[in-house]
Amino acid sequence: MRSASMPPAAGTGLEPGFRGVICASFGSTGDTAEQHSGGRPRHDLRFESANPETLSDLRSALGRSHVGVRLVLAGPQSDIRAAAAAAAECGLLEEEVILLSDGMGPSVIYCPHCRITTTVRAASPEVACQGCATTLAITDHFSRRIGAYLGYSAHAEEAS
Amino acid sequence: MTVTALQTGIHPAVDGGLLLEVTNVSIQTDSIVSITFADPSGGPLPSYVPGSHLVVQYGTGVNAYSLTGSGSAPSEYAISVLQVEDGGGGSVAMHRLSVGDRVQVSRPRSAFAPVSTATHHLLVAAGIGITPILSHARAAAERGIPASVIYVHRRGAGAHVADASELLSRGLTELIECTDRGSFQQVLTEKLTTQELGTHLYVCGPDPFMNTVLDQAREHGWSQARLHSEAFGAAELDEGEPFTVNLVRSGIRLDVPAGVSLLETLEKAGKSIPNMCRKGICGECSLSVLRGTPQHRDLYLSDQEKAANTTMMCCVSRSDDPELELDL
């Protein structure tokens with residue numbers, strides 16, 4: 001879907017002081033953000049996934065923007081949640097961000113024991129933490145700041 | 001005179017507060033005086049959140065005034081009061097205070113706090129609205145948070161101009177004084193369109209001024225969560241139509257005549273309703289409505305809460321229906 005006229009992703013092409021709508025899509029999501037710009041100036045960003053590099057591009061785009069800007073994030077839950085967390089760090093407020101999730105997708109689990117997050121692709125009540133190998137029970141408690149569900153050491157209360 | 005005023009009893013709004021002594025009175029402008037209070041025994045006073053106000057008793061009444069300090073470990077509380085000739089009498093009483101007088105005050109109350117995650121505060125004041133804005137500016141300077149002050153005042157009649165200027169050498173980012181509408185409009189538009197994403201806006205001044213600033217901010221795309229305002233001048237309200245209230249739990253019906261507030265009617269009937277500002281600002285006198293459509297005239301409830309018609313501020317709000325049923 002990348003059109004020839006679409007600017008490259010690295011925050012370039014965004015004039016300093018932009019106060020329109022930034023539409024960032026992740027993965028193979030189509031051009032879902034279009035109907036959410038409400039006729040305001042619009043800047044598109046397309047990313048494969050939310051990773052340190054693409055999030056830094058998003059941060060630099062937001063760093064060039066001024067109060068008044070809106071952000072539309074489209075794609076899998078885990079990507080748009082990570083992007084929303086990065087946007088909040090940049091000073092964007094919750095009501096200035098629209099999340100367009102394209103369905104379930106993988107979820108991200110935060111380990112409070114080692115503070116590393118682990119991505120879970122299939123629905124599962126438990127996951128082995130990527131950081132410390134603790135078996136984590138997955139809860140419904142979601143942190144918007146971290147963009148992840150809280151995990152905790154499973155079976156910790158059972159006598160071994 | 002203050003001593004005799006105290007003998008009239010402690011008003012509920014300042015009950016559990018502090019008995020302080022006036023330690024300084026200084027003239028700011030023709031109509032604005034600054035008053036400093038301290039503990040008579042010289043002890044420290046409770047810290048407060050920037051933008052907080054103090055409720056001060058005068059005679060049998062109380063009034064709320066913004067504190068002008070940063071709020072961090074204060075040894076004194078300072079307020080500045082604009083004399084309002086046709087007001088409720090509080091400002092006139094404040095202007096009569098002199099060093100050594102004792103006054104009963106509340107503990108500081110926070111209703112205009114800075115946002116802790118903000119990376120820049122855009123502080124906009126008009127006239128006496130400088131008081132809480134000065135508190136914010138002082139706190140931001142102390143804490144090393146960038147802050148810009150836009151201060152609109154009549155030429156030569158601005159209170160605390162020297163205090164604000166002095167902050168420039170202590171960390172305040174900028175101070176822009178405007179003494180005419182045109183220059184203020186230019187500054188405001190420029191500021192509203194050039195702020196980095198971590199900026200929050202705080203405004204205090206007369207209602208029409210605040211509405212202008214907030215409306216323009218919204219037009220420039222500022223979301224509601226970035227906008228913070230401190231209302232001190234409730235608009236003059238008309239006397240309204242008479243209506244009846246049915247107090248369901250008490251099993252009594254009361255007539256509220258035109259020109260008399262529901263709060264006054266309830267008080268006359270012996271009901272004790274917590275209240276403070278009596279102007280529809282503070283939210284203390286909230287009542288639950290069981291049936292009927294209140295005529296909301298307060299500045300406290302959100303539009304959504306007003307539309308729900310389940311809560312009303314009995315100090316200013318009345319009824320669109322001939323009768324209201326209240327959970328009292």
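Readers should treat all values here as calculations from the given coordinates under stated rules, not as data from a laboratory. Treat the numbers as computed from the prediction; the structure is a model and nothing was measured. Every residue, glycine as well, gets a Cβ built from its backbone with ideal geometry; the counts of neighbours run over all protein chains shown.
The DSSP beta bridges internal to the protein assembly as shown are antiparallel in roughly 55% of cases.
Here the Karplus relation 6.51 cos²θ - 1.76 cosθ + 1.60, evaluated at θ = phi - 60°, turns the backbone of region B:176-191 into coupling constants of 10, 9, 10, 10, 8, 4, x, 5, 5, 4, 5, 4, 4, 4, 4, 5 Hz, with x for every Gly and Pro. Estimated from helical segments only, the mean residue ellipticity of chain A at 222 nm is -5000 deg cm²/dmol, where each DSSP H run of four or more residues counts as -39500 (n - 2.57).
Entry note, chain A: relative contact order of 18 percent, from Cα contacts under 8 Å with a spacing of 6+ residues. In this Cβ point-charge picture (+1 for Lys and Arg, -1 for Asp and Glu), the protein assembly as shown has a dipole of about 640 debye about its Cα centre. The alpha-carbon of residue B:268 sits under 20 angstrom from the alpha-carbons of these aspartates and glutamates, leaving out residues fewer than 8 places away in its chain: B:239, B:241, B:255, B:284, B:323, B:325, B:327. The distance linking region A:83-134 with region B:34-108 is 49 Å (Cα centroid to Cα centroid, whole angstrom). Across B:75, B:302, B:261, mean-square fluctuation computed from a Gaussian network of chain B (C-alpha pairs under 10 Å connected) peaks at B:302. Cysteine residues of chain A whose C-beta has no other cysteine C-beta under 4.7 angstrom: A:23, A:90.
Using only side-chain charges placed at the Cβ, +1 for Lys and Arg and -1 for Asp and Glu, the dipole size of region B:264-328 relative to its Cα centre rounds to 220 debye.
Of the residues B:311, B:300, B:168, the one whose Cα sits farthest towards the positive end of the charge dipole of the protein assembly as shown is B:168 (charges of +1 on Lys and Arg Cβ, -1 on Asp and Glu Cβ, taken about the Cα centre). Farthest towards the positive end of the charge dipole of the protein assembly as shown, among the residues B:326, B:150, A:137, is the Cα of A:137, using unit charges on the Cβ of Lys, Arg, Asp and Glu.
Rounding to the nearest 20 debye, state how big the charge dipole of region B:239-294 is about its Cα centre with +1 on each Lys and Arg Cβ and -1 on each Asp and Glu Cβ.
220
Within the listed set B:141, B:217, B:258, the Gaussian network model of chain B (springs between alpha-carbon atoms below 10 Å) gives the highest mean-square fluctuation for B:258. Which shape class, rounded, prolate or oblate, goes with region B:120-230 when its Cα gyration tensor gives a ≥ b ≥ c as root eigenvalues, a/c under 1.5 marks rounded, and past that a/b bigger than b/c marks prolate? It is oblate, given that a/c is not under 1.5 and a/b is not larger than b/c. Mean separation of Cα pairs under 8 Å and 6 or more residues apart, divided by the residue count, gives chain B a relative contact order of 13 percent. Within the listed set B:76, B:142, B:219, the residue fluctuating most in the Gaussian network model of chain B (springs between alpha-carbon atoms under 10 angstrom) is B:219.
Would you mind classifying chain B by shape? Square roots of the alpha carbon gyration tensor eigenvalues, ordered a ≥ b ≥ c; an a/c under 1.5 is rounded, otherwise it is prolate if a/b is larger than b/c and oblate if not. The shape class here is oblate.
For region B:190-328, the relative contact order comes to 23 percent (Cα pairs under 8 Å, sequence separation of at least 6).
Compared with the dominant Cα axis of chain B, that is its longest principal axis, helix B:130-143 is turned about 50°.
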